[in-house]
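Worksheet for the structure shown next.
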Amino acid sequence: MNELTQAELLERVNTSRIADGNPRVREITARIVSDLFKTIDQFDVQPDEFWAAVDWFSRLGSSGQTGLITAGLGFDRLLDIREDEADRATGRAAGTPRAIEGPLYVPDAPLSRGEVHLDEGSAPRGEAFVMEGRVVDVNGKPLPEAMVEVWHADENGRYSHFAPGLSPFSLRRRILVDEQARYRFRSFLPPGYAIPPASPTSELFEALGRHGNRPAHIHFLVSSRGMRTLTTQVNIPGDTFIDDDFAFATRDGLIVELEPNTAPTGYESLGVKEPFTRVRFDFVMQQAAELSESKPQARMARALD
Ligand code: MBD
Ligand code: FE
């Protein structure tokens, strides 16, 4: 009875229970455990290798880097591809393309109306950059209740809240659009991002022979009553990694065009006097099919709601 073959052990792991539990969790766990048993057997995984992997998982969890691994192994983009497929199948593919949220969102950033200087109070970090546009529905109708949340990396590719030493909510803002559904913000063009060196994430990527770089990008979470919350990013053109993103998030339609603006009238309230770089971009939102789609929530809040 207690002498088990591999197959008998697997069968018992997957079937023993004293209650129904959650059938979906049971089924998916059984599948994953079966695949891992098979992997261990096929690759003759040794105990020292197995326990080193377990230690890596423990360190990954306590480092708070699980979201870097999901992005780097393609899971975040996979979920987007699957949602895109579902949208095409149901005739809902429209509006600004979604792009992964990534693990570096922070809720409740400082709120402004219409416009904001993202980088207020700090020394200029390169040429001024203004991004502006409107939030509209798929018919071009302005959505004057929309909220645009924006976050991006600092000049060293680091994000406030996650990298030590950056001031709280630095380069993170919420902008409630104006009555014409316009938003605009001033900042600087951020560089790309690289995974932290000497970390559980970099250990895996080195072992895989992969780099951990993301091209320069800016994140957005756009919400409006009755509309499907839009999580997206724009990419800044010209980055070496634009087609080699470690998180596989670059998409057509999200690579913005940089326009040199040499006559900055109308931008005084953002403190822009010199020539600056401008990006025009409208966020096009879909109608929500059900209430839950319009909740202005980030992925973890949504999942744990
Ligand atoms: C980032 O800045 C990011 O956007 C993603 C998806 C993963 C890691 C760092
Ligand atoms: Fe990012």
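The values are calculated or read from the model by the stated rules, or taken from the named source; none is laboratory data. Since this is a predicted model, take the numbers as computed values, not measurements. Quick reminder, even Gly has a Cβ in these numbers, built from the backbone with ideal geometry, and neighbours come from all protein chains shown. Ligands, DNA and RNA are excluded from the accessible area calculation, which covers all protein heavy atoms including side chains. Shrake-Rupley method; radii C 1.70, N 1.55, O 1.52, S 1.80 Å.
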Based on this model, can you work out whether ASP282 counts as modelled with pLDDT of 95 or more and either more than 17 Å from ARG174 (Cβ to Cβ) or open to solvent by 50 Å² or more (accessible area, probe 1.4 Å) (or both)? yes
Just a yes or no: is a residue in region 74-88 in contact with a Ser or Thr (Cβ under 8 Å, 6 or more places away or on another chain) and among the small types (Gly, Ala, Ser)? no
What do you reckon, is PHE220 more than 30 Å from GLU293 (Cβ to Cβ), surrounded by 20 or more Cβ atoms within 10 Å (Cβ to Cβ) and assigned by the TED database to the domain that holds ASP119? no
What are the residues in region 56-93 that are without any contact (Cβ under 8 Å) to a residue 24 or more places away in the chain and of a type in the set (Lys, Arg), if any? ARG82, ARG88
Taking only pairs six or more apart or across chains, which ones have beta-carbon atoms under 7 Å, a first residue in region 117-129 that is touching a residue at least 12 places away in the same chain (Cβ under 8 Å), and a second residue that is open to solvent by less than 40 Å² (accessible area, probe 1.4 Å) and small (Gly, Ala, Ser)? HIS117/GLY271; LEU118/SER187; ASP119/SER187; PHE129/SER187
Just the residues that are out of contact with any helix residue (DSSP H, G or I) (no Cβ under 9 Å at 6 or more places or on another chain) and not in a loop (DSSP other than H, G, I, E, B), please, taken from region 203-212. GLU206, ALA207
ASP154 vs (1) open to solvent by 20 Å² or more (accessible area, probe 1.4 Å); (2) closer than 25 Å to HIS117 by Cβ; (3) of a type in the set (D, E, K, R): all pass except (1)
With (1) touching a residue at least 24 places away in the same chain (Cβ under 8 Å); (2) within 14 Å of ligand 1 (Cβ to nearest atom) as the list, and VAL177 as the residue in question, which single condition is left unmet? (2)
Would you please name the residue that is nearest to ligand 1 (Cβ to nearest atom), looking only at residues in region 222-256 that are closer than 20 Å to GLY157 by Cα and part of a strand (DSSP E or B)? GLN233
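Conditions tested, residue by residue: (1) within 16 Å of ligand 2 (Cβ to nearest atom); (2) in contact with a strand residue (DSSP E or B) (Cβ under 9 Å, 6 or more places away or on another chain); (3) of a type in the set (D, E, K, R).
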site: ARG158; (1), (2), (3): yes, yes, yes
site: PRO164; (1), (2), (3): no, no, no
site: PRO168; (1), (2), (3): no, no, no
site: ASP178; (1), (2), (3): no, yes, yes
site: ALA181; (1), (2), (3): no, yes, no
site: LEU189; (1), (2), (3): yes, yes, no
site: ALA194; (1), (2), (3): yes, yes, no
What are the residues in region 264-305 that are more than 30 Å from ALA94 (Cα to Cα), touching a residue at least 12 places away in the same chain (Cβ under 8 Å) and among the small types (Gly, Ala, Ser), if any? SER269, GLY271
Among the candidates VAL116, VAL106, residue that is away from ligand 2 (no atom under 16 Å from the Cβ) and open to solvent by less than 40 Å² (accessible area, probe 1.4 Å): VAL116
Is it the case that LEU4 is surrounded by 11 or more Cβ atoms within 10 Å (Cβ to Cβ), outside the structural domain of ARG134 (by the TED database) and not in a helix (DSSP H, G or I)? yes
